[in-house]
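Here's the structure, in structure tokens; my notes come after.
Just so it is clear, none of the values below were taken in a lab; they were calculated from the coordinates. Predicted, not measured: the structure shown is a model, and the values here were computed from it. Virtual Cβ from ideal backbone geometry, glycine too; neighbours counted across all protein chains shown.
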């Protein structure tokens with residue numbers, strides 16, 4: 001007697017019915033497990049590229065696009081905040097560069113050396129003409145960014161007139177008294193911004209969430 005759905009065979013036991021029922025049920029579980037395994041394999045994940053490099057310019061390497069591991073690394077940081085101190089300084093520069101790219105900036109990642117105090121350069125022309133330079137300090141919690149280091153950024157802003165704003169971004173915090181330093185305070189917040197550990201994570205989390213449509 002013909003089967004009800006899958007052709008000849010006993011109506012109560014179609015030969016191909018079982019596999020087609022099981023696969024859709026298992027797929028979401030497998031994807032969930034694979035994603036969690038990727039997050040658990042932190043050392044491997046942190047080695048993956050977070051940017052797609054573009055052309056080279058006189059200032060450095062253009063960032064063509066944001067690579068998917070950038071989102072995964074930020075998810076890992078969200079779940080395990082201590083991970084931020086396992087990421088090396090160059091990777092942090094790439095993570096910050098990718099964040100600006102995700103916000104719609106044209107981004108340049110400067111060379112590892114002789115960067116003239118500029119680790120990331122982000123520009124936009126759709127909002128007038130904006131040019132931001134960011135100096136990234138990937139420090140341990142025991143090492144703070146000093147007033148002298150922030151004044152170095154002030155010096156860059158003084159020398160480079162074609163800059164809208166300078167940022168000093170760190171995985172740590174700033175030394176006591178930095179915000180009260182007259183030379184630093186006079187430029188904040190319009191020309192100079194200091195982005196410490198908490199503000200950095202909040203900024204990155206918000207950009208990643210927007211990118212995922214959350």
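Need one word for the range 106-161: rounded, prolate or oblate. Basis is the Cα gyration tensor (sqrt eigenvalues a ≥ b ≥ c); a/c below 1.5 gives rounded, then a/b vs b/c decides. Prolate, because a/c is 1.5 or more and a/b exceeds b/c. Among 159, 194, 109, sorting on how many other beta-carbon atoms sit within 10 Å of each Cβ, with the fewest leading, yields 159, 194, 109. With R₀ set to 22 Å, the beta-carbon distance separating residue 79 from residue 49 gives a calculated FRET efficiency near 0.55.
In terms of the Cα gyration tensor, with a ≥ b ≥ c the square roots of its eigenvalues, is the range 70-143 rounded because a/c is under 1.5, prolate because a/b exceeds b/c, or oblate? Note, shape of the range 70-143 comes out oblate.
Net length available on complete extension from residue 209 to residue 126 is 27.6 nm, with 0.36 nm assigned per residue and the Cα-Cα distance removed.
The share of alpha-carbon pairs in the range 17-211 lying farther apart than 27 Å comes to 35%.
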